[in-house]
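Below is one structure, written out as structure tokens, with a few remarks after it.
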Amino acid sequence: MDVPSASSDSPTGPSRILLASPRGYCAGVDRAVHTVEHALDMYGAPVYVRKEIVHNKHVVEELTERGAIFVDQETEVPEGEIVVFSAHGVAPSVHENAAARALRTIDATCPLVTKVHVEARKFAKEGYTIVLIGHEGHEEVEGTTGEAPENIVLVQTEEDVEELELDDPEHVSYITQTTLSVDETSAIIAALKRKFPAITGPKTDDICYATTNRQQAVKELARECDLVLVIGSTNSSNSNRLVEVAREHGASSYLIDNHTQVREEWLNGIETVGITSGASAPEELVRSLVEFFGERGADEVSELKTVDEDVRFMLPGEIRKALDARAKGEELPVLG
Ligand code: SF4
């Protein structure tokens, strides 16, 4: 990445920039953002989006400019209009409400969130009490809980596990939110296994590959840098976890939406600044931050790669069918 050179009256700053790799967009976010873009392109504005399509202010503002209308609930969408469900997933009741309003729906739920919904339904069908490890109020937790509200209890900490009293401790399972701290979640699962030795869980981790890889990368970054800046919005769970992990591994760390939020006092005595970005943060924000430090004298930029990522998800079926019809010059399919 090219770095502009500093002018003689530039303020001081770090001389070296280290970029975490992987960072930024995950496959689920990429798919969700492209879903709204394609929907706008093919069906025209307005396209309603329930909740923020991904938890990033910049992305939401850009899509709003292109004609997306973000609403909090499906009941706010005028009858018969197009609505996209966000990457975080929705409860079955949301689909029911949308059908009752004859909304034309496109579901951009990340396939890795859908996997957790499937597990919830399976465990509920088998009569398990399901301990959901996650953050209260997070959209993903609300969506997953909606799959089996009678069976699911939420825990957020090891202390919650200690206080948990269940009617049938022999018939308990657990699932997790996809964007948690890997280390904290392992500790909570270990506490659950101590308390409920018969507990069963998913075949493979619910914390997704992107969360895991970005946390691993930021751990390495924190070992090399005094300061780690994480680009992401305050409501982005995985971005907040990156800040915590960087701090736990010895660096000062702050969450910023973009370079305008960098504070002068953070930079005192910093030689190397580490930069990473949450799974919902676009790469252009990283580039702007690199340019910002370049203008302040940073003249070395390198990348610390911990793993190669090549995960891609297919677009939702509704969008693939519409793209196919357009390519053949046929009428766009009617959305259900
Ligand atoms: S962070 Fe993970 S679960 Fe969430 S959208 Fe990205 S890939 Fe899917």
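Karplus-based coupling profile of the range 174-184, in residue order and whole Hz: 9, 9, 9, 5, 7, 10, 8, 5, 4, 5, 4, with θ = phi - 60° in 6.51 cos²θ - 1.76 cosθ + 1.60 and x standing for Gly or Pro. Here's how it looks for Glu303: its modeled amide H is under 5 Å from those of Leu19, which are all 5 or more places away or on a different chain.
Per-residue Karplus couplings for the range 134-147, computed as 6.51 cos²θ - 1.76 cosθ + 1.60 with θ equal to phi - 60°, are listed in order as x, 9, 4, x, 5, 4, 5, 5, 5, x, 5, 4, x, 6 Hz, Gly and Pro entered as x. Quick one: among Ala148, Ala325, Ala279, which has the greatest mean-square fluctuation in a GNM of the chain with alpha-carbon springs under 10 angstrom? Top of the fluctuation ranking is Ala325. Farthest towards the positive end of the charge dipole of the range 142-224, among the residues His171, Ala198, Thr212, is the Cα of Thr212, using unit charges on the Cβ of Lys, Arg, Asp and Glu. Note on Val153 and Ser288: the model spin-label points, each 7 Å out from Cα along the C-beta direction, lie 4.6 nm apart.
Under the combined filter of DSSP loop state and at most 12 neighbouring Cβ atoms within 10 Å, the range 245-336 retains these trypsin sites (Lys or Arg not before Pro): Arg263, Arg312, Lys328. For the range 109-239, the dipole from Cβ point charges (+1 on Lys and Arg, -1 on Asp and Glu) about the Cα centre works out to 620 debye, to the nearest 20.
Placing a label point 7 Å from the Cα of His171 along the Cα-to-Cβ direction, the residues of the range 93-127 whose backbone N falls under 17 Å from that point are 120-127. The charge dipole of the chain, taken about its Cα centre with unit charges on the Cβ of Lys, Arg, Asp and Glu (plus for the first two, minus for the last two), comes to roughly 800 debye. The protection proxy used here, the mean number of other Cβ atoms lying within 10 Å of each residue, ranks peptides 171-177, 188-194 as follows, highest first: 171-177, 188-194. Per-residue SASA remark: Glu303, around 100 Å² accessible (1.4 Å probe; ligands, DNA and RNA not included).
Rounded, prolate or oblate: pick one for the chain, where a ≥ b ≥ c are the square roots of the eigenvalues of its C-alpha gyration tensor, a/c under 1.5 means rounded, and failing that, prolate if a/b is larger than b/c, else oblate. Verdict is oblate for the chain.
Over the range 181-336, Cα pairs under 8 Å with separation of 6+ residues give a relative contact order of 22 percent.
With the simple spin-label model, which puts each label point 7 Å out from Cα in the Cβ direction, the Ser252 to Arg121 separation comes to 4.9 nm. Counting only protein heavy atoms and using a 1.4 Å probe, the accessible area of Cys208 comes to about 20 Å². Find, among the GluC sites (Glu not before Pro) in the range 188-287, those assigned to loop by DSSP (not H, G, I, E, B) with at most 16 other beta-carbon atoms within 10 angstrom. In loop regions of the range 188-287 (DSSP not H, G, I, E or B), the sparsely surrounded GluC sites (Glu not before Pro) are Glu271. Residues whose amide H comes within less than 5 Å of that of Val153, counting only those at least five positions distant or on another chain, are Ile130, Val131, Leu132 (H built at 1.01 Å from N in the peptide plane). The mean sequence distance of close C-alpha pairs (under 8 Å, at least 6 residues apart), as a share of the length of the chain, puts its relative contact order at 29 percent.
In order along the range 81-89, the phi-based Karplus estimate (6.51 cos²θ - 1.76 cosθ + 1.60, θ = phi - 60°) of 3J(HN,Hα) comes to 7, 7, 9, 9, 8, 6, 4, 7, x Hz; Gly and Pro are listed as x. Structure note, pairs Lys51/Lys193; Lys122/Lys195; Lys115/Lys321; Lys125/Lys203; Lys51/Lys321: Cα-Cα distances above 26 angstrom occur for Lys51/Lys193.
The shape of the range 195-328 comes out oblate: with a ≥ b ≥ c from the C-alpha gyration tensor, a/c is at least 1.5 while a/b does not beat b/c. Within the range 1-110, what whole-number % of the accessible surface is contributed by carbon and sulfur, with the 1.4 Å probe and all protein chains included in the calculation? Carbon with sulfur: 45 percent of the solvent-accessible area. The GluC sites (Glu not before Pro) of the range 148-199 meeting both criteria, a DSSP state outside H, G, I, E and B (loop) and at most 12 other C-beta atoms within 10 angstrom of the site's C-beta, are Glu150, Glu165, Glu170.
The values are calculated or read from the model by the stated rules, or taken from the named source; none is laboratory data. None of these values were measured; they are calculated from a predicted model. When we count neighbours, we look across all protein chains shown, and the Cβ atoms used for this are built from the backbone with ideal geometry, even at glycine. In case anyone asks, the SASA skips ligands and DNA or RNA and just uses the protein heavy atoms, side chains included. Shrake-Rupley method; radii C 1.70, N 1.55, O 1.52, S 1.80 Å.
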